[in-house]
Amino acid sequence: MKNFNIFVVLISLSMCSFADHHPRGKDLFKRFDADGDGKISSVEHEKAIAEMVTKRRQRFAEMDADGDGFISQQEAKAISDKKQQRLKNIKEKRDQRFEKMDSNGDAVISKDEAQQFNWR
């Protein structure tokens with residue numbers, strides 16, 4: 001029980017810190033503040049923890065590719081490789097979009113270039 005109490009305190013602190021410092025923190029705070037009173041009650045907090053636990057369990061299940069209840073080094077590496085590939089693809093698309101926007105090839109996007117770019 002002592003460990004659970006410590007866990008709850010740490011989660012509470014991390015939620016407050018997250019809400020203050022993370023760009024999406026205020027949105028997250030609003031999501032957990034179900035009644036919109038600007039405060040998170042113990043009931044709202046418990047729901048937030050349950051949601052986080054559910055998401056973590058789902059993430060674990062996704063990582064546990066063979067469903068044996070464990071994450072092997074190979075499974076962890078596969079997830080890491082997949083994430084790295086996804087990031088690489090995002091960077092490549094970003095670079096391609098930049099090159100298209102930079103119509104004169106000077107490695108700078110001017111206001112005119114940005115306005116002329118077809119965002120679709």
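Using θ = phi - 60° and the Karplus curve 6.51 cos²θ - 1.76 cosθ + 1.60, what whole-Hz ³J(HN,Hα) does each residue of the range 68-79 get, with Gly and Pro shown as x?
For the range 68-79, the Karplus-derived couplings read 8, x, 9, 10, 7, 4, 5, 5, 5, 5, 4, 5 Hz, x marking Gly and Pro.
Which FRET efficiency value, to the nearest 0.05, do you get for ALA65 and LYS91 by plugging their Cβ-Cβ distance into 1/(1 + (r/R0)^6) with R0 = 22 Å?
My answer for the efficiency is 0.30.
With respect to the cross-link table entries LYS30/LYS55; LYS55/LYS93; LYS55/LYS83; LYS47/LYS77, which display a Cα-Cα separation exceeding 21 Å?
Table pairs above 21 Å Cα-Cα are LYS55/LYS93; LYS47/LYS77.
Among GLN96, ALA107, GLN84, whose Cα sits farthest toward the positive end of the charge dipole of the range 72-120 (+1 at Cβ of Lys/Arg, -1 at Cβ of Asp/Glu, about the Cα centre)?
Going by the charge dipole, the pick is GLN84.
Which whole-number percentage describes the relative contact order of the range 29-120, with Cα contacts under 8 Å and a sequence gap of 6 or more?
11 percent
Computed from the coordinates by the stated procedures, all read-outs in this text should not be read as laboratory data. This structure is a prediction, so every number in the text was calculated from the model and none was measured. Positions of Cβ are generated from backbone atoms using ideal geometry, with glycine treated the same way; all protein chains shown enter the neighbour counts.
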